[in-house]
Amino acid sequence: MFINKIYPVSYNSNPYFAKNQPERQVSSPGVQSFAMKEMPPVSMNYFNPGMDNFILGQAINFLSEVEFSQEDMAHMENIGVNIAFNSGKEAVDYIRDENISIKFAPLPSLGHHAQFQEDNGQKNILINEAYSNTRNFADILAISEAVLHETTHAKDDDVEASIQEEFDALAMNALANRYHSRKYPYVFEASSSNIVNDGVVLYSKLFFDEDPKKTALLKRIDEKYGSLPLESPNHNLKENSILKGYKFNTISFQ
Ligand SMILES: [Zn+2]
């Protein structure tokens, strides 16, 4: 059912990117081109979830390489995260085993980077179509991290949402972002994309903020998800959770 395709090409020499691609507007082109050169050759030999989309296929491959550091995992557990997957490969295996589709789709705004939805038993991960023609390495890594977030939503097999569930899913994209930031230094710094700067990189910073109470993270979660219930099935509030005691949904954000 799944097609394994080999794309033994490097990012820069890939004809897919050379054809019909307008030059991207970036704030610092010199840094940007440096970052793009950092993208390593990638082969599509792992798994392509039936979508035959080069960008999403690459994102899946970059997700499959993700390994969380023990320190990062311990940090997440210490602040009350329920860890959904122990590695990127575990999540990609889940996507394959559950036949989850991943595709670009129109989402309500650029602030909606990705979304999980289930239609008649088919689980779908939707990525904002604003990135469907991206040539940018940081975007592709960010998409892979967003896929991990949405796979966390897919895993609990229910339609209920909660603050704890978002907390758990956001922690996963932060862990993956930490891995990619270490493996590909400077790639994210050069990015001007919303999915990077107001998404995955932001949550890396907020989850690993020096403030032990993580007030900035809690405020952000409140702004985005404060109206949801605190817990949902498989996303229980842990004894040591920093979510405990925070008064969600008490401020009106206009
Ligand atoms: Zn979410």
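Summary of computed values
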{"read-out": "Helices (runs of 4 or more DSSP H) fully within region 103-210 counting 1 or more residues that are under 21 Å from Gly57 (Cα atoms) and either modelled with pLDDT under 95 or within 15 Å of the ligand (Cβ to nearest atom) (or both)", "value": "137-155, 163-183"}
{"read-out": "Test: residue in region 77-84 that is at pLDDT 95 or above, in a strand (DSSP E or B) and more than 14 Å from the ligand (Cβ to nearest atom)", "value": "no"}
{"read-out": "Meets criteria (of a type in the set (A, V, I, L, M) and loosely packed, with under 15 Cβ neighbours inside 10 Å) for Ala74", "value": "yes"}
{"read-out": "Matching residues in region 171-190 - criterion: being closer than 24 Å to Ile79 by Cβ and either in contact with a Lys or Arg (Cβ under 9 Å, 6 or more places away or on another chain) or of a type in the set (Gly, Ala, Ser) (or both)", "value": "Ala171, Ala174, Ala176, Ser181"}
{"read-out": "Single condition Ile242 does not satisfy, out of (1) in contact (Cβ under 8 Å) with a residue 12 or more places away in the chain; (2) within 21 Å of Leu110 (Cβ to Cβ)", "value": "(2)"}
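The values are calculated or read from the model by the stated rules, or taken from the named source; none is laboratory data. Keep in mind it's a predicted model, so treat the numbers as computed, not measured. Using ideal geometry, Cβ is built from the backbone for each residue, glycine included, and neighbour counts are taken over all protein chains shown.
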